[in-house]
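Student: There's a structure below that I have some questions on.
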Amino acid sequence: MRTFSTVTRITPATLLRRDRMLPRRGEVLVNMGDRVDAVDIIGTYRRPGRLVVVDAASTLRLRKRGLSGYLQKQAGETVAQGDVLASQPRLRGLFPRVLRSPARGQIVAITDSQIVLETESDEVSVRAHIRGRIISVMPERGVAIETVASLIQGVWGVGEVSHGVLRAAVEVPDAILTEAGVDVSCLGAIVVGGAGVTKEALEQAEKMQARGLIIGGLSSSLMDKAASLPFPVLVTEGIGEHPVNALVFDILMQHLAEEVSLDPGDLNPWRPRRPEVVIPLSTADAPPSEVELDTMLNLGNTVRVVRGPHKGVTGSIVRFPEHPVYYEIGLSLESAEIQTQSGEHIFVPVSNVEIVR
Amino acid sequence: MVDNYTIESILAADCGTTTTRVFLLDLVDDQYRLVAQGAAPTTIAAPHNDIIIGVVQAIRQIEDLTQRKFLDTETKVIRPERTDGTGVDAFVASVSAGAPLRLLLAGLIPEVSIASARRAVSQANALVEGSVLLSDSRRPEAHVDLIRRLKPEAIVMVGGTEGGAVDGLRALADIITLACQLLRRENRPELVFAGNIEARSLIAEKVAGLMNFHPVDNARPSLDEEEIGPLLEELEHLYSDFKVARVPGFGRLSAWSPVTVLPGSKSYSQTIQFLAESLGLNVVGVSVGSTQTILASVVDGDAVTGIGAGWGVGLGAERVLRDAAPERVSRWVLAEDTTPTDVVDAALTKALYPYSIGLTPLEVETEQAIGREALRLTAERTRSLWPGGSYQPYADLPPLWDLIVMSGKFLTSQPTLGQGVMTLLDGLQPIGVCTLVMDSTGVAETLGVVAAVQPLAAAQVLEHDGLVTLGTLVCPVGTVREGEVAMRAKLTYPDKEVLDLEIAPGTVEVIPLSPGQKASLELRPSRQFDIGWGYKGRGAVAEVEGGILGLVIDARGRPLQVPEDDEERARVLQRWRWGIGY
């Protein structure tokens, strides 16, 4: 009986659709059918401003709670510093008690005693980051972009989505990227590293204003450093030292000097979005679409090994042994026999392989 | 509502975060037995987004094994069982897949009402992501901003003793209502209020139309009284309604079952309670999963289920590393040429591939280290809920259990039995003399929900197929002094053969005692060790039960001391491993 497996997309060409959403409601600046380049701005939004809570009930010295009878402005209204937010008329010729806005901003909430202002903030532009065609517009929210591209999914990422020209800083997938490898050619580029990276290489990449880094593995000791960089880092295999697998490295090497998009994904363990590299293609041929994926492990599947002594190896399933296979560590496990790209035959537990498509 | 026919055959599904298991229980010679089981990856994430797919896959495996048919052409479970043997009389399920409830605590004083709320939360499948305390010096803006940023799924508001002032709660409610106005309707949290009852109507009025309000009895009615039961019950309801019931495909799963689909922890704790009741013993069930660790304990009839939500050996590994500190995890790993960073790397890589199985010494030892720390963290957090008194002679150690049930695939499927048991001993640090059993098939975790449709099936399967006896544990409390004798023991086998033992302190020893064999064990601890009486040096005679492992004497003392020095630690850990037969 076969079982399900995880699918990792490592494909030289596919038709894909990616949503590019504004982090907050804002203004979408492109239209359905528009062609966009990675650098094009698809929309803008305002960052959350600073909150200011005004204790209106105390200022107006209200004995009973409830502001509605005293408000001069309502939730949603924009106010300038000094504008009257609320006032309490007083008898016998006394001046009314007045509550003035302490800052310029928008009234975002009112309770029976307090008013909350959100101060004005910067407008932020959101770029397409992928070359393609707008196939859907969600007003105030974002767009969907369709493109024909090479697609490589990673397993870990950090930073913000980015784009740039692809440069290789290593020649082989199991090399460690050092400071010396990050030269002037990495200026403004998405850099391909190898099995790992040194701290000095990360710092050098920052100096070179790299736009992104793709590596097989990243040491846990450098995760905080990676998170502090101004560019995204994408890991294709795992935490620690892991050579970039051969399928990924081949695709990347075929597209050097081309523009790529790097999305570090979302690492929320409960709602993960996998990190990915998208390389838009100029081909006119119709490549296969992204389809509902069959994730059942079958003979002939191209797979990669994700843990154990053969970690990182790719190959095809040639047999499912009838009985569990015994492993040196002392476990007998349902397994697959894999013919590796180098022609070797290995046994790997079915739990430790992922389908590659 | 249970269907109105005799339930003889049952399919019971247990949908975990990474693995879904289905068990077929049926009558064999007038006894309910576990007939077959299937397992498949859980399919709640993309691209499947439907829990049913994994359940169906596991049922198909049982169909292959039994040559019986349980699913119709529309892949629905055929119910009831037909005369030709197709279908089953009932389908039941428990679900522990999916995320815990994300909470924010709001209260007045951290040491009082907030502490009570935390004790309730430690028994719920919930994570506290932040707290708003009126007593701290932050401005209201900071509190509002925190709520806006965290977007908790529920806010637990506590504070105020009965009859006390309500001003503080009013101010707290102002902050919460302000923050909620800034959140989109779909992101607004549920508000559970477990504070001064006199403030209830005032808060209900404030939040009306803004958030759903769930008032429960005051968790801290007075400074020296704590009533966390109603709060815990409400949190369990919220978890069931907002997390379990929203797992993709839950509706169909629920429609198949004549009884409520239970959270996995609830089903498991019901099994343990049933076991404790039927045997009249103090029992603890221990399960370490991918994203949660459960300690379901019953002592003197009182059930306490500590849930280490988010602490597990798969997706939960990262949280264990963070909460336990990486060096506490890496100290357990002896694999050659390994640095602490390698251990952290291995743990985080496991979290990226939670379904994968460790095959190298580093991978296997790292998972075990994470498991130990997940257990330690959960035990530490649950400690204040355990009964105290004569059943818990040492406040910083667990109570005296008579029976430990080792459950979950992680603990029961280690390369050797000794490795699973050692992980449990190191993490939980049980004390006294107790029997150790193993839920080798994993069926025990579903029997709580099986009992809802057929209690006899749960009882008989638990008796015949659920638990395998590993042996007896002897775990004295005390401090190790090199060169002395920790205790002397005399084991009298049924054939009257006598084995005299001198147990060195700081050692773990396994004495052969076969399954089914019972022997008399006379223990004479030294003046540094207590075997569970609450007094050091006091001896006892106990009848002990054999098992696959035998009699395990853990004379390392309690609390367990792991040497700080790297070389010394490696030597000591290796000695312990040899002792249990790694």
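Student: Kindly indicate the residue of segment A:301-322 that is at pLDDT 95 or above, farther than 23 Å from B:Pro361 by Cα and not in a strand (DSSP E or B) and also farthest from the other protein chains (Cβ to nearest Cβ) among those meeting that condition.
Tutor: Looking at residues that are at pLDDT 95 or above, farther than 23 Å from B:Pro361 by Cα and not in a strand (DSSP E or B), I get A:Pro321.
Student: Checking A:Leu99 against (1) buried (at least 16 other Cβ atoms within 10 Å of the Cβ); (2) in a loop (DSSP other than H, G, I, E, B), only one condition comes out false. Which one?
Tutor: For A:Leu99, the exception is condition (2).
Student: Okay, next question. Quickly run through segment B:349-379 and pick out the residues that are within 12 Å of chain A (Cβ to nearest Cβ), aliphatic (A, V, I, L, M), in contact with a helix residue (DSSP H, G or I) (Cβ under 7 Å, 6 or more places away or on another chain) and touching a residue at least 24 places away in the same chain (Cβ under 8 Å).
Tutor: Residues satisfying the conditions are B:Ala351, B:Leu362.
Student: Quick one: would you say B:Val88 is over 20 Å from A:Thr3 (Cβ atoms) and of a type in the set (Val, Ile, Thr)? Steps first, please.
Tutor: Numbers: over 20 Å from A:Thr3 (Cβ atoms): yes; of a type in the set (Val, Ile, Thr): yes.
Answer is yes for this residue.
Student: Further question on the same structure: Every residue in segment A:1-15 that is in contact (Cβ under 8 Å) with a residue 24 or more places away in the chain and within 14 Å of chain B (Cβ to nearest Cβ), please.
Tutor: A:Arg2, A:Thr3, A:Phe4, A:Ser5, A:Thr6, A:Val7, A:Thr8, A:Arg9
Student: Regarding A:Glu171, is this residue of a type in the set (D, E, K, R) and within 17 Å of the chain's Cα centre (by Cα)?
Tutor: Details: of a type in the set (D, E, K, R): yes; within 17 Å of the chain's Cα centre (by Cα): no.
Answer is no for this residue.
Student: Within segment B:329-348, how many residues turn out to be under 30 Å from B:Gln123 (Cα atoms), surrounded by fewer than 24 Cβ atoms within 10 Å (Cβ to Cβ) and facing chain A (nearest Cβ under 7 Å)?
Tutor: Result for segment B:329-348: 1.
Student: Kindly establish whether B:Gly432 is at positive phi, crowded, with 22+ Cβ neighbours inside 10 Å and either touching a Cys at 6+ places or on another chain (Cβ under 7 Å) or within 14 Å of chain A (Cβ to nearest Cβ) (or both).
Tutor: Working: at positive phi: yes; crowded, with 22+ Cβ neighbours inside 10 Å: yes; either touching a Cys at 6+ places or on another chain (Cβ under 7 Å) or within 14 Å of chain A (Cβ to nearest Cβ) (or both): yes.
Criteria met by B:Gly432.
Student: Which residue, of B:Pro387, B:Pro430, B:Pro415, is in the same structural domain as B:Val541 (by TED's automatic domain parsing), closer than 20 Å to B:Leu275 by Cα and in a loop (DSSP other than H, G, I, E, B)? Spell out the reasoning first.
Tutor: Working: B:Pro387 fails: in the same structural domain as B:Val541 (by TED's automatic domain parsing); B:Pro415 fails: closer than 20 Å to B:Leu275 by Cα.
Result: B:Pro430 is the single residue among B:Pro387, B:Pro430, B:Pro415 that is in the same structural domain as B:Val541 (by TED's automatic domain parsing), closer than 20 Å to B:Leu275 by Cα and in a loop (DSSP other than H, G, I, E, B).
Student: In this structure, is B:Leu521 part of a strand (DSSP E or B) and over 23 Å from B:Arg577 (Cα atoms)? Explain how you work it out, then say what you get.
Tutor: Working: part of a strand (DSSP E or B): yes; over 23 Å from B:Arg577 (Cα atoms): yes.
For B:Leu521, the condition - part of a strand (DSSP E or B) and over 23 Å from B:Arg577 (Cα atoms) - is met.
Student: Suppose we filter A:Gly66, A:Gly76 for residues that are part of a loop (DSSP other than H, G, I, E, B), in contact with a helix residue (DSSP H, G or I) (Cβ under 9 Å, 6 or more places away or on another chain) and surrounded by fewer than 17 Cβ atoms within 10 Å (Cβ to Cβ); which single one remains? Give the derivation first.
Tutor: Details: A:Gly76 fails: in contact with a helix residue (DSSP H, G or I) (Cβ under 9 Å, 6 or more places away or on another chain).
The unique qualifying residue is A:Gly66.
Student: What is the residue count in segment B:271-311 for residues that are within 14 Å of another protein chain (Cβ to nearest Cβ) and of a type in the set (Phe, Trp, Tyr)? Write out each step before concluding.
Tutor: Initially, segment B:271-311 is screened for residues within 14 Å of another protein chain (Cβ to nearest Cβ), giving B:289-292, B:309-311.
The next check asks that each one be of a type in the set (Phe, Trp, Tyr); those that pass are B:311.
Residues that pass the stated criteria total 1.
Student: Now a separate question. With the structure loaded, tell me whether B:Ile272 is under 21 Å from B:Pro398 (Cα atoms) and outside any strand (DSSP E or B) or whether it fails that test.
Tutor: Values: under 21 Å from B:Pro398 (Cα atoms): yes; outside any strand (DSSP E or B): yes.
Judged against the criteria, B:Ile272 is a match.
Student: Being among the aliphatic types (A, V, I, L, M) and within 14 Å of chain A (Cβ to nearest Cβ) is the filter; apply it to segment B:200-226 and report the residue that is surrounded by the most Cβ atoms within 10 Å (Cβ to Cβ). Spell out how you get there, then give the answer.
Tutor: Let us first name the residues in segment B:200-226 that are among the aliphatic types (A, V, I, L, M), namely B:202-204, B:207-208, B:210-211, B:216, B:219, B:223.
Adding the requirement that they be within 14 Å of chain A (Cβ to nearest Cβ) leaves B:202-204, B:207-208, B:210-211.
Values: B:Leu202: 14, B:Ile203: 23, B:Ala204: 14, B:Val207: 19, B:Ala208: 10, B:Leu210: 16, B:Met211: 20.
By that ranking, first place goes to B:Ile203.
Student: To continue, here is another question. Can you tell me which residue in segment A:28-54 is nearest to A:Gly142 (Cα to Cα), limited to those that are among the small types (Gly, Ala, Ser) and buried (at least 17 other Cβ atoms within 10 Å of the Cβ)? Break it down into steps so the answer makes sense when it comes.
Tutor: So the first thing to find is which residues in segment A:28-54 are among the small types (Gly, Ala, Ser), and the list is A:33, A:38, A:43, A:49.
Right, trim to buried (at least 17 other Cβ atoms within 10 Å of the Cβ) and you get A:38, A:43, A:49.
Numbers: A:Ala38: 15, A:Gly43: 7, A:Gly49: 21 Å.
The selected residue is A:Gly43.
Student: Restricting segment A:115-130 to residues that are farther than 30 Å from A:Pro102 by Cβ and crowded, with 24+ Cβ neighbours inside 10 Å, which is farthest from the other protein chains (Cβ to nearest Cβ)?
Tutor: A:Ala128
Student: Give the residues of segment B:390-410 that are in a strand (DSSP E or B) and surrounded by fewer than 20 Cβ atoms within 10 Å (Cβ to Cβ), sorted by residue number.
Tutor: None - no residue of segment B:390-410 is in a strand (DSSP E or B) and surrounded by fewer than 20 Cβ atoms within 10 Å (Cβ to Cβ), so the list stays empty.
Student: Same structure, new question: Exactly one of these conditions fails for B:Glu153: (1) within 14 Å of chain A (Cβ to nearest Cβ); (2) more than 16 Å from B:Gly209 (Cβ to Cβ); (3) free of Cβ contacts under 8 Å to residues at least 60 places away in the same chain. Give me its number.
Tutor: Here B:Glu153 meets the rest and fails (3).
Student: Among the charged types (D, E, K, R), surrounded by fewer than 22 Cβ atoms within 10 Å (Cβ to Cβ) and assigned to a strand (DSSP E or B): does that describe B:Lys490?
Tutor: On the way: among the charged types (D, E, K, R): yes; surrounded by fewer than 22 Cβ atoms within 10 Å (Cβ to Cβ): yes; assigned to a strand (DSSP E or B): yes.
Answer is yes for this residue.
Student: Further question on the same structure: Give me a count of the residues in segment A:198-231 that are buried (at least 17 other Cβ atoms within 10 Å of the Cβ) and touching a residue at least 60 places away in the same chain (Cβ under 8 Å).
Tutor: 7
Student: For the condition modelled with pLDDT of 90 or more and either touching a Leu at 6+ places or on another chain (Cβ under 9 Å) or not in a loop (DSSP other than H, G, I, E, B) (or both), what is the one hit in A:Gly49, A:Gly43? I'd like the intermediate steps shown before the answer.
Tutor: Numbers: A:Gly49 fails: modelled with pLDDT of 90 or more.
Step by step, each of A:Gly49, A:Gly43 is checked, and only A:Gly43 is modelled with pLDDT of 90 or more and either touching a Leu at 6+ places or on another chain (Cβ under 9 Å) or not in a loop (DSSP other than H, G, I, E, B) (or both).
Conditions tested, residue by residue: (1) under 19 Å from A:Glu160 (Cα atoms); (2) more than 12 Å from every other protein chain (Cβ to nearest Cβ).
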| residue | (1), (2) |
| --- | --- |
| A:Ile215 | yes, yes |
| A:Leu222 | yes, no |
| A:Ser228 | yes, yes |
| A:Val233 | yes, yes |
| A:Gly238 | no, no |
| A:Glu241 | no, no |
| A:Ile251 | no, yes |
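Student: Same structure, new question: Please verify whether segment B:52-60 includes one or more residues that are crowded, with 24+ Cβ neighbours inside 10 Å, in contact (Cβ under 8 Å) with a residue 40 or more places away in the chain, part of a strand (DSSP E or B) and under 25 Å from the mean Cα position of the chain (by Cα).
Tutor: Checked segment B:52-60: no residue is crowded, with 24+ Cβ neighbours inside 10 Å, in contact (Cβ under 8 Å) with a residue 40 or more places away in the chain, part of a strand (DSSP E or B) and under 25 Å from the mean Cα position of the chain (by Cα).
Student: Looking only at residues in segment A:333-357 that are of a type outside the set (Asp, Glu) and at the interface with chain B (Cβ under 10 Å from one of its Cβ atoms), which one is surrounded by the fewest Cβ atoms within 10 Å (Cβ to Cβ)? I'd like the intermediate steps shown before the answer.
Tutor: If we filter segment A:333-357 for residues that are of a type outside the set (Asp, Glu), which is where we start, we get A:333, A:335-336, A:338-343, A:345-353, A:355-357.
Applying the additional criterion that residues be at the interface with chain B (Cβ under 10 Å from one of its Cβ atoms) yields A:333, A:348-353.
Values: A:Leu333: 18, A:Val348: 28, A:Pro349: 21, A:Val350: 20, A:Ser351: 21, A:Asn352: 25, A:Val353: 27.
Result: A:Leu333.
Student: Also, I was wondering about something else. The conditions are (1) within 14 Å of chain B (Cβ to nearest Cβ); (2) modelled with pLDDT under 90, and A:Leu94 fails exactly one of them. Which is it?
Tutor: (1) is the only condition that A:Leu94 fails.
The values are calculated or read from the model by the stated rules, or taken from the named source; none is laboratory data. The structure displayed is predicted, hence computed values, not measured ones. Neighbour counts are summed over all protein chains in view; Cβ atoms, including those assigned to glycine, are modelled from backbone coordinates with ideal geometry.
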